[in-house]
Ligand SMILES: N[C@@H](CCC(=O)N[C@@H](CS)C(=O)NCC(=O)O)C(=O)O
């Protein structure tokens with residue numbers, strides 16, 4: 001059965017679900033519909049499927065709508081009998097979900113940061129907060145780099161990988177690799193996976 005995905009080549013959350021789809025062999029079942037979701041411009045058509053006006057939003061053949069990215073990833077993972085990207089057993093599941101929350105949360109503040117930078121009168125407390133969160137989050141993931149490399153690949157790796165790649169995409173001068181070489185080495189291994197390479201972000205604006 002085919003599925004419709006409200007999609008953008010710029011969105012790191014869309015990229016996350018596309019990576020999961022590629023990893024699980026589901027990508028060719030998706031009809032990707034280019035959808036521009038902007039924080040300051042609610043999208044009428046998208047809101048018929050998702051009142052939050054956010055992407056990714058998935059619509060199944062029977063009209064069932066699924067969002068947001070963690071829920072879509074969990075749904076995709078339920079569609080196959082192979083090794084799961086979301087482990088079932090505790091504590092592995094909690095570790096994977098916590099890592100997903102870390103990657104997603106990092107993306108949340110990076111998106112807010114970009115929005116703030118486009119405002120005519122930028123708020124220094126907001127910018128300061130984002131700088132602090134960036135530093136602390138990178139420090140935290142760096143401290144976990146060995147554990148990430150040891151743990152079976154799954155949703156946590158994908159979310160964190162997408163978040164690090166988003167720094168490269170949207171904060172081009174950020175030299176995070178120089179200060180976190182171990183994390184950079186881990187990221188290089190994950191970014192080399194076919195599912196990551198097939199979903200490189202593109203600014204089509
Ligand atoms: N928690 C959501 C976040 C999705 C999200 O923020 N998507 C952005 C695009 S990358 C969006 O739709 N922004 C539009 C808006 O903020 O109104 C998820 O994991 O899917």
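Inside the range 178-203, can you point out the residues that are assigned to a loop (DSSP other than H, G, I, E, B) and within 18 Å of the chain's Cα centre (by Cα)? Selection gives 192, 193, 198, 199, 200, 201, 202, 203.
Look through the range 48-68, keep the residues that are outside any loop (DSSP other than H, G, I, E, B) and within 21 Å of the chain's Cα centre (by Cα), and return whichever of them is nearest to the ligand (Cβ to nearest atom).
The initial filter retains those residues of the range 48-68 that are outside any loop (DSSP other than H, G, I, E, B), namely 48-49, 57-59, 65-66.
If we keep only those that are within 21 Å of the chain's Cα centre (by Cα) as well, we get 49, 57-59, 65-66.
On the way: 49: 12, 57: 8, 58: 10, 59: 14, 65: 13, 66: 10 Å.
Once the filter is applied, the top-ranked residue is 57.
Scanning the range 51-61 turns up at least one residue that is touching a residue at least 60 places away in the same chain (Cβ under 8 Å) and surrounded by fewer than 18 Cβ atoms within 10 Å (Cβ to Cβ). Entry remark, the range 35-44: residues being more than 7 Å from the ligand (Cβ to nearest atom) and touching a strand residue (DSSP E or B) at 6+ places or on another chain (Cβ under 9 Å) number 2 in total. On inspection, residue 85 passes the criterion of being more than 8 Å from the ligand (Cβ to nearest atom), surrounded by 20 or more Cβ atoms within 10 Å (Cβ to Cβ) and either over 19 Å from the mean Cα position of the chain (by Cα) or part of a loop (DSSP other than H, G, I, E, B) (or both). Whenever a residue of the range 154-178 is farther than 24 Å from residue 97 by Cα, its partners that are at pLDDT 95 or above and not in a helix (DSSP H, G or I), lying with C-beta atoms within less than 6 angstrom and at least six residues away or across chains, give the pairs 169/201.
Residue 32 meets the conditions (1) in contact with a strand residue (DSSP E or B) (Cβ under 9 Å, 6 or more places away or on another chain); (2) more than 9 Å from the ligand (Cβ to nearest atom); (3) under 26 Å from residue 119 (Cα atoms) in every case but one. The failed one is (3).
Whenever a residue of the range 179-203 is without any contact (Cβ under 8 Å) to a residue 12 or more places away in the chain, its partners that are exposed (fewer than 13 other Cβ atoms within 10 Å of the Cβ) and in a helix (DSSP H, G or I), lying with C-beta atoms within less than 9 angstrom and at least six residues away or across chains, give the pairs 184/178.
The values are calculated or read from the model by the stated rules, or taken from the named source; none is laboratory data. Everything quoted here is computed from the prediction, not taken from an experiment. Note that we place each Cβ from the backbone using ideal geometry, even for glycine, and neighbour counts take in every protein chain shown.
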